[in-house]
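So the structure is just underneath, and the comments pick up after that.
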Amino acid sequence: MVVWAQPTNTTKRIVTTTLLGIAMLTTLFRLRTRIRTRRFWLDDVWAIVALIFSIMLLVSMWLRTIPSSSKHTLIVTYWILSFGFTSTLWASRMSVIFSVVRVIPHDSRSKLRKITNCFAAIFAVFWIGLMIQVASVCGLDKSWYKLAKPQCHLGDGVAAFELTSDIFADVTLAILPIVLTRNSLVPSAQRKMLYVIFAASLLTTIASIVHAILLLGPSGSLEGIAAHAEAATALIVANAGVLVTSVYRVVHKNDDIDTMPYTYNYSIHTTSKAAPSDGSASLDGTETDDEKSIGKIDRE
């Protein structure tokens, strides 16, 4: 039988704080950039949701690693950790999938936008399902409340469901950008964004595999660190598109691969007069050639 070495509280604090700290900083940078450029949309809202839960995740971890914490505190923080991890992970994935939705043009001949929205709905079902499953397993059997350091053993059922949902979500987020890059209606700037999303999604897949291995093995602090690492990676990946486009904007001063969302009802338009030269949404709110052609298709 393999015996997993358990990290100390100091190690947990350093690793978790570093990873989640980077994730939070990238999220704040993302929000500042999107608000400043007036491109704030639903994918950014989900990033805020993930940020809130990641803060709860970090605070709970610190409280659980304080030697003088009462048993009541340990129980409460475990519940927050469980729901905080699941919510940070899936809110980050929702942010990624809506980052994909925002670059899909309205085209009456294509169902890609509707299909992507359906995948977002499936993600929400997985999210809720995992929350209910954890609440059922740990709420119906409260014997873990009596442990010296209360921690619920989720069992193989939760591990299997979590692994299945992780694989489905990661494969979806990896395949969707590939499918969309083959769509001739997606302008070149948006395609570059999709390449970034695809490459970044692979990092979440790696983190998910590592966490799944530890989740199916002996439960302990090492699995907890892996969970924090997976949540932090998912949030960083969700912000990767904005980070890369910001760097691209600095290097290529006359080019911009970040996009105005194609769903205008929930976006804020910029008043800047600069416009990208690749046919993507213009920065001053006027229609570009691509937008005009798409609008023509919709009216037909």
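What follows is calculated from the coordinates using simple rules that are stated; it is not laboratory data. Quick caveat: nothing in here was measured; it's all calculated off a predicted structure. Using ideal geometry, Cβ is built from the backbone for each residue, glycine included, and neighbour counts are taken over all protein chains shown.
The label point for THR11 and the one for ILE66, both projected 7 Å from the Cα toward the Cβ, are 2.4 nm apart.
Using a Förster distance of 41 Å, how high is the FRET efficiency between LEU147 and LEU202, based on the Cβ-Cβ distance and rounded to 0.05?
0.65
Anisotropy class assigned to segment 1-108 is prolate, per the alpha carbon gyration tensor with a/c at or over the 1.5 cut-off and a/b larger than b/c.
Once the chain from PHE168 to ILE48 is taken as fully extended at 0.36 nm per residue, the excess over their C-alpha distance is 40.8 nm. Extending 7 Å from Cα along the Cβ direction at VAL76 and again at ILE122 yields two label points whose distance is 3.9 nm.
For PHE161 and ILE132, the difference between the fully extended length at 0.36 nm per residue and the C-alpha to C-alpha distance is 9.3 nm.
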